[in-house]
Amino acid sequence: MKGHKDNREFIAALEKTGDAVRIRQEVDWDMEAGAIVRRVCETKAPAPVMEKIKDYPGFRFMGAPLASYRRLAVSLGMDPRTRLPQIAEEYLKRTNSAPIAPVLVKKKDAPVKQNILLGDDADLCKLPAPLVHEGDGGRYIGTWHAVITKDPETESVNWGMYRQMMFDSKTMSGAVFPFSDLGKIFYEKYAPRGVAMPFATVIGPPPLAAVAACAPSPIPEPELTGMLMGEPIELVKCETCDLEVPAHAEIVIEGVILPDVRVEEGPFGEYTGYRTSPRENRITFYVKAITYRNDPIMTISNMGVPTDEGQLLRSFSLGLELDKLLRSQGIPITGVYMPPDSTHHVMIVGVKPRYSGIAQQIGQLAFGSKLGPWFHMVIVVDDTIDIYNWNEVFHALCTRCHPANDIHIHKNSVGTALNPYASAHERRYSMGSKVVFDCLWPPDWDPVNEVPTLVSFRTVYPKEIQEKVLANWSAYGFPAET
Ligand SMILES: Cc1cc2nc3c(=O)[nH]c(=O)nc-3n(C[C@H](O)[C@H](O)[C@H](O)COP(=O)(O)O)c2cc1C
Ligand SMILES: [Mn+2]
């Protein structure tokens, strides 16, 4: 299975499966496009491709590119009907395989070099940055993109999604968290030395490059993209700096992050489903060049109440990275699932309990890892519960978690500045609190005499009766189950 080399191939594949729609009438960048994408997310509709943008002839939009598991499956070259556990299995298989390094192509072979704007011509007003939501502090250029940077000492490359607002025609600003890869390199290795940090923002990256850019994986994102695609991603050199960008991207903005300037950014409708963080002075990106394909397609994510692609993909990859981490530590887990509706705040972990304290051990590893800032609830259930079935998990939470003994609160943890539950002071300093819900039966209870018997079709009827009832289900007159 090969990944799509660009968004255009991906859109064609989505159209075939009924997972994209083309909007041919003119759409306004000033909130109309945003409102369409928002409604798509809330109604789980196909991804909209908007062919005609007011004031910007030649430009197009694609919204909500990966806001459903069907679209994620298509991006991985799988049948859109593939069930989530099978998509997860495939993702684990690919991301556990050998790294696939990118290849460099010549500029003449890179569609993203079809149009090159340098110097004063590199003007952000030439791009149809949407006003995504009413109340946003400005038009956002980077909502579904990758910001490419390099560590000046190790030369290791990072691709990450960090939102970017157009501040003026030459400047963008953004909220880069200090614990993110970009934040760590900028705040440790550029800002204190007063050195400008080259960056390249890739808008409309190939779909699996976007998946890699928002995944919390320790594997460098160019290699991770290759592993997900099953072949190397093609890169091309930037015009103004020593960075490389996907050759089949739609739009690239090159420039430098200024070490000593901060300009206002926000507020913005966020992935938690709220507008939480205030307008503040934030990291400042100065633009030196813009390159783009003919008829470029700008990608838009509209964050808000579920389900947007950030919630879906970050839940997906955060869950699977935690799965790998817990297994690497020998914890007898059966799986990890993070529901996107939790806005990636709730981790459900299935475990074969073998000793006491296992739920706390899982919580401590989860919250103490690089993944920890992003979520604050861990629910631990045993292997009789289907972690993908919220009804079962909720039932376990409501019946097995002792309110006084099984809820473990971890104070003074690292959080994000966007947590709606946190006070303004806590948000400013990324202060978080965490909680583990231990839904395992106490290890000292006798499984036969003390653990209550679950009263369900599967657990309290003899196998023959179950089989007879299932075999006769439609004969009894019930409609077929889906
Ligand atoms: C649409 C979207 C917007 C995001 N915006 C930001 C942001 O503004 N700042 C930030 O630090 N992380 C943001 N994130 C989260 C990062 O993309 C995420 O942590 C990613 O894994 C980058 O990881 P890294 O910093 O470990 O490379 C966003 C994620 C998505 C999906
Ligand atoms: Mn990274």
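Some observations on this one:
- Looking across LYS170, LYS126, one residue alone is of a type in the set (Lys, Arg) and open to solvent by less than 40 Å² (accessible area, probe 1.4 Å). It is LYS170.
- Counting only strands (runs of 3 or more DSSP E) that fall entirely inside region 1-90 and contain at least 2 residues that are touching a residue at least 60 places away in the same chain (Cβ under 8 Å) and closer than 21 Å to VAL211 by Cβ, the qualifying elements are 60-63.
- Among (1) open to solvent by 70 Å² or more (accessible area, probe 1.4 Å); (2) in contact with an Asp or Glu (Cβ under 9 Å, 6 or more places away or on another chain), the one test that CYS401 misses: (1)
- Hits in region 91-122 (condition: part of a loop (DSSP other than H, G, I, E, B) and either more than 18 Å from ALA200 (Cβ to Cβ) or assigned by TED's automatic domain parsing to the domain that holds MET338 (or both)): ASN96, SER97, ALA98, PRO99, ILE100, ALA101
- Criterion (more than 16 Å from ligand 2 (Cβ to nearest atom), open to solvent by less than 40 Å² (accessible area, probe 1.4 Å) and among the small types (Gly, Ala, Ser)) met by exactly one of GLY204, GLY226: GLY204
- Checklist (1) under 30 Å from ILE407 (Cβ atoms); (2) charged (D, E, K, R); (3) open to solvent by 90 Å² or more (accessible area, probe 1.4 Å) applied to GLU464, failing item: (1)
- Residue count, region 43-62 (criterion: surrounded by fewer than 15 Cβ atoms within 10 Å (Cβ to Cβ) and closer than 26 Å to TYR271 by Cβ): 2
- Of the set (1) surrounded by fewer than 16 Cβ atoms within 10 Å (Cβ to Cβ); (2) free of Cβ contacts under 8 Å to residues at least 24 places away in the same chain; (3) in a loop (DSSP other than H, G, I, E, B), all apply to ALA422 but (1).
- Only listed residue being within 9 Å of ligand 1 (Cβ to nearest atom), farther than 17 Å from PHE268 by Cβ, at pLDDT 95 or above and open to solvent by 10 Å² or more (accessible area, probe 1.4 Å), chosen from ASP151, ASP181: ASP181
Residue-wise test of (1) free of Cβ contacts under 8 Å to residues at least 24 places away in the same chain; (2) open to solvent by less than 10 Å² (accessible area, probe 1.4 Å); (3) in the same structural domain as THR43 (by TED's automatic domain parsing).
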site: ILE290; (1), (2), (3): no, yes, yes
site: PRO306; (1), (2), (3): no, no, no
site: LEU313; (1), (2), (3): no, yes, no
site: GLY319; (1), (2), (3): no, yes, no
site: LYS324; (1), (2), (3): no, no, no
site: THR334; (1), (2), (3): no, no, no
site: TYR355; (1), (2), (3): no, no, no
site: GLN361; (1), (2), (3): no, no, no
site: LEU365; (1), (2), (3): no, no, no
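- Residue list for region 250-268, filter: open to solvent by 10 Å² or more (accessible area, probe 1.4 Å) and under 22 Å from the mean Cα position of the chain (by Cα): PRO267
- Against the list (1) of a type in the set (Asp, Glu); (2) in a loop (DSSP other than H, G, I, E, B); (3) more than 21 Å from LEU312 (Cα to Cα), the condition ASP386 fails is (3).
- Across region 185-192, not a single residue is classified as crowded, with 24+ Cβ neighbours inside 10 Å and within 14 Å of ligand 1 (Cβ to nearest atom).
- Cβ-Cβ under 9 Å pairs, at least 6 apart or on other chains, region 154-176 side within 6 Å of ligand 1 (Cβ to nearest atom), far side of a type in the set (D, E, K, R) and part of a strand (DSSP E or B): ASN158/LYS150; ARG163/GLU265; GLY174/GLU265; GLY174/ARG282; ALA175/GLU265; ALA175/GLU280; ALA175/ARG282; VAL176/ARG282
- Hits in region 139-148 - residues which are assigned to a loop (DSSP other than H, G, I, E, B) and crowded, with 21+ Cβ neighbours inside 10 Å: THR143, TRP144
- Residue list for region 126-166, restricted to those being among the hydrophobic types (A, V, I, L, M, F, W, C) and within 14 Å of ligand 2 (Cβ to nearest atom): ALA146, VAL147, ILE148, VAL157, TRP159, MET161
- Of the criteria (1) polar (S, T, N, Q); (2) within 30 Å of TRP29 (Cβ to Cβ); (3) without any contact (Cβ under 8 Å) to a residue 60 or more places away in the chain, which one THR299 fails: (3)
- Any hit, region 405-418, residues being open to solvent by 30 Å² or more (accessible area, probe 1.4 Å) and outside any strand (DSSP E or B): yes
- Residue in region 334-341 that is farther than 22 Å from ILE219 by Cβ, out of contact with any helix residue (DSSP H, G or I) (no Cβ under 7 Å at 6 or more places or on another chain) and modelled with pLDDT of 95 or more present: yes
- All of LEU470, LEU454 fail the test of being open to solvent by 60 Å² or more (accessible area, probe 1.4 Å) and free of Cβ contacts under 8 Å to residues at least 12 places away in the same chain, apart from LEU470.
- Among the residues of region 195-218, just one is closer than 20 Å to ARG8 by Cβ and of a type in the set (Ser, Thr, Tyr), namely THR201.
- Test set (1) over 30 Å from ILE387 (Cβ atoms); (2) open to solvent by 10 Å² or more (accessible area, probe 1.4 Å); (3) of a type in the set (Phe, Trp, Tyr) - TYR69 fails condition number: (1)
The values are calculated or read from the model by the stated rules, or taken from the named source; none is laboratory data. Note that this is a predicted model, so its numbers are computed, not measured. Quick reminder, even Gly has a Cβ in these numbers, built from the backbone with ideal geometry, and neighbours come from all protein chains shown. Accessible surface is based on the protein model in full, side chains and every heavy atom, while ligands, DNA and RNA are left aside. Shrake-Rupley method; radii C 1.70, N 1.55, O 1.52, S 1.80 Å.
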